[in-house]
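Working notes for the structure below.
The values are calculated or read from the model by the stated rules, or taken from the named source; none is laboratory data. These numbers were taken from a predicted model, which means no experiment stands behind them. Backbone-built Cβ (ideal geometry, glycine too); neighbour counts: all protein chains shown.
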């Protein structure tokens, strides 16, 4: 079989053998999240995922949390006076790079991460 000569139907049949499901390709809007990535990167913004591809729109690297109670305090209360955020615009990564995502209280982050 020459892969360059596959029909669309054959490609769909082949993909079903490997467990690729249509619902995996539906985009997920995860709202505002803090995302911890491999190698210590921590970003915040509007999180989206489609299959294994992820993006954070209007993202910021969290350079300094500025909290006394950790990442949860930041997620629940929004950026504090000592929090340092560096704008990065759009961050894209493979889902395997995610270590943790934390949902944020959108009402506390909406000024930083508007829709």
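Structural remarks
- All of (1) over 18 Å from residue 113 (Cβ atoms); (2) at pLDDT 95 or above hold for residue 43 with one exception: (1).
- Unique match (being touching a residue at least 60 places away in the same chain (Cβ under 8 Å), within 23 Å of residue 115 (Cα to Cα) and touching a strand residue (DSSP E or B) at 6+ places or on another chain (Cβ under 8 Å)) among 90, 100: 100
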